[in-house]
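These notes are about the structure you will find just below.
We did not get these values from a lab; they are worked out from the coordinates using the rules stated. All of these numbers come straight from a predicted model, not from anything done at the bench. A quick note on method: Cβ atoms are made from the backbone with ideal geometry, for glycine too, and the neighbour counts reach across all protein chains shown.
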């Protein structure tokens, strides 16, 4: 039986609409020409929010790897730091649900780049709708080893120990692990197994009174009715360029295209 994480609860009828949800940009700290080009659509999307208003939820894995030291931050992410800082200071609330690639934040991210960060799932009540919002990792029934690993790398002892490693070394280790673990293109059979399990999870959430289950992590773009609610899997900003959009009445999954700007 899966032990589900405790969730943070938000009741926010004053939250600025529309509400945007994105996940899994996997931004790299090495700004090659190809990486810079890959990030441009995301920057234009964030500019769109800045100029038109709203609220932004980031459902984790925004960075391919993010580990913050007390006095050291990854300099390769400076362009996105600037984007988030500008967006926040324009009056946009940024809610950041930490993922399995970017869990290890400290004061810089929390104080300067986001309105609020969350180590676990979030429940949100807004305009009479109830959302269950999660990065999504650790929910698959066969992920026993991953759930154990997650408990270890999220532990205070691991984080304290890892911070003793020099940043130049720790980021090389993380980059090597990340490259070995990049398997976002799964078989149709695997994707269907994931969708079947997340559909069952969505049914449980709907029966608990939620209208929407919003997930990242799985690199699938899904907008699916489940009983009298809906399952949204947010895709990514590597191949899908999709985002959740709540206009105050309904939540839908949209694809970012340049004429939206």
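Would you please classify the overall shape of segment 51-100 from the alpha carbon gyration tensor, given that a ≥ b ≥ c denote the square roots of the eigenvalues, rounded means a/c under 1.5, and beyond that prolate means a/b larger than b/c while oblate covers the rest? Oblate, since a/c reaches 1.5 and b/c is not below a/b. In plain terms, the bigger the Kirkwood radius, the slower the diffusion; for segment 77-127, with that radius from Cα pairs, at 20 °C and 1.002 mPa s, Stokes-Einstein puts D at 181 µm²/s. Note on the chain: with a GNM built from Cα contacts shorter than 10 Å, the maximum mean-square fluctuation among 188, 250, 102 falls on 188.
Largest GNM mean-square fluctuation among 230, 33, 70, using the chain with Cα springs under 10 Å: 33.
A simple spin-label model places pseudo-atoms 7 Å from Cα toward Cβ; at residue 227 and residue 16 they are separated by 3.6 nm.
Placing a label point 7 Å from the Cα of residue 165 along the Cα-to-Cβ direction, the residues of segment 116-150 whose backbone N falls under 20 Å from that point are 146-150.
Please figure out what share of the DSSP beta bridges in segment 17-260 is antiparallel and state it in percent, rounded to the nearest 5.
Numbers: 19 of 40 bridges.
Roughly 50 percent of the beta bridges in segment 17-260 run antiparallel, per DSSP.
On a per residue basis, the convex hull of the C-alpha atoms belonging to segment 202-260 measures out at 77 Å³.
Note on segment 19-90 and segment 221-261: Cα centroid distance 19 Å, given to the nearest whole angstrom. Subtracting the Cα-Cα distance of residue 89 and residue 239 from 0.36 nm times their residue separation leaves 51.1 nm of extension gain. Size estimate for the chain follows the Kirkwood approach: the inverse of mean 1/r over distinct Cα pairs works out to 18.8 Å.
Multiplying the residue separation of residue 151 and residue 78 by 0.36 nm and subtracting their alpha-carbon distance yields 23.3 nm.
Computed per residue of the chain from DSSP H runs no shorter than four, each worth -39500 (n - 2.57), the mean residue ellipticity at 222 nm is -10000 deg cm²/dmol.
Let a ≥ b ≥ c be the square roots of the eigenvalues of the Cα gyration tensor of segment 49-157; is it rounded (a/c under 1.5), or, if not, prolate (a/b larger than b/c) or oblate? Note, shape of segment 49-157 comes out oblate. Between 49, 22, 159, where does the largest GNM mean-square fluctuation fall for the chain, given springs only between Cα atoms within less than 10 Å? For the chain, modelled as a Gaussian network with Cα springs under 10 Å, the answer is 159.
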